[in-house]
Each structure stands twice: as C-alpha cells, then as structure tokens.
Amino acid sequence: MFFALVLRFLHIAGASVGFGGLVAAWAILPRLPIEARGITVRQFGKWIGIGLTVCVVSGIINASIQGPKHGDVYGTLMNIKGAAGLALFALSVLVFHPAPALKWFAERRRLCLSALVILGLIVIALGAALHGHYAATP
C-alpha cells in the first residue's frame, strides 16, 4: 500500500514537472529574444526530461502491478496511454536535445511544442479515464 502511494506520487509529480515544463516552454519561448532561447531550452529541456523520465518509469512499474488486476477496458486504455506517453517522451527528447542532427526539430520547435501539449492533454485525459475506472473497480 505504501509503495503504491509513493509510486502514484512520483507519477503525478513527474507528470506535473514534465507537462508543466512543456506548457511553460510553449508559452514562453516564442516571446524570448532569439539569443536567450538557447539557455532557456537547455534549462527547460533538463527539467522536462527529468519529469517525463520519472513519469514513464513509474508508469511502467504501475502498469505491471495494476494492469493484470483489471479487465480488458482498463488494459486497453493503459496501453493507449502508455504508447501516447512514450511518444510524448520521445518527441520531447527530439525537440529539446541539443544534438546538431536534431536541428530539424529545433527549427520547428513551436509546432513540435504545440503537438507535445496536445499529446500531453490526451495522456492526462486517458489517465483521468483510467483513474475513474480504477476507483470504480473493487
């Protein structure tokens, strides 16, 4: 019980830091002078990466513990949420990593950030649906 509570806290905290950072970057970066964007991207990228990593790892552990206890609907929603969460994580790495090979994503950062925010909202909606199903299951 205590482990499940800690895992849930880490998952929500990681999602809050990761998604909050994405929304903040989406809102702030276009308004910054071009010369200030580099350091801001590195700082946001670091915290977004930490938050989303904690969220993905805790989500995988939680899925392995909770998934088998519930029916097909729960498992299907969890798989969709997991795939969307991994896509969110992968795209955020492509957008925020400073590697020169990923310049294409940096040049389209505003578009990619918009896609990340939408994808994050989808993951949150799926999480809410899972929580509602989990809370209603004995």
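The values are calculated or read from the model by the stated rules, or taken from the named source; none is laboratory data. This is a predicted model, so every value here is computed, not measured. Here Cβ is always computed from backbone atoms with ideal geometry, including for glycine, and neighbour counts include all displayed protein chains.
I'd like to verify a number: residues in the stretch 76-105 that are farther than 20 Å from CYS55 by Cα and either assigned to a helix (DSSP H, G or I) or modelled with pLDDT under 85 (or both), how many?
So the answer is 7.
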* Under 8 Å by Cβ, and 6 or more places apart or on different chains, what pairs join a residue from the stretch 64-75 that is part of a helix (DSSP H, G or I) with one that is loosely packed, with under 15 Cβ neighbours inside 10 Å and modelled with pLDDT of 75 or more? -> ILE65/ALA4
* Asked: Can we say LEU91 is in contact (Cβ under 8 Å) with a residue 12 or more places away in the chain and either more than 10 Å from the chain's Cα centre (by Cα) or under 19 Å from GLY127 (Cβ atoms) (or both)?
  -> yes
* Could you tell me whether any residue of the stretch 25-41 is within 11 Å of the chain's Cα centre (by Cα), at pLDDT 90 or above and either assigned to a helix (DSSP H, G or I) or not aliphatic (A, V, I, L, M) (or both)? => no
* Asked: If you go through the stretch 106-125, how many residues are modelled with pLDDT under 90 and crowded, with 16+ Cβ neighbours inside 10 Å?
  -> 2
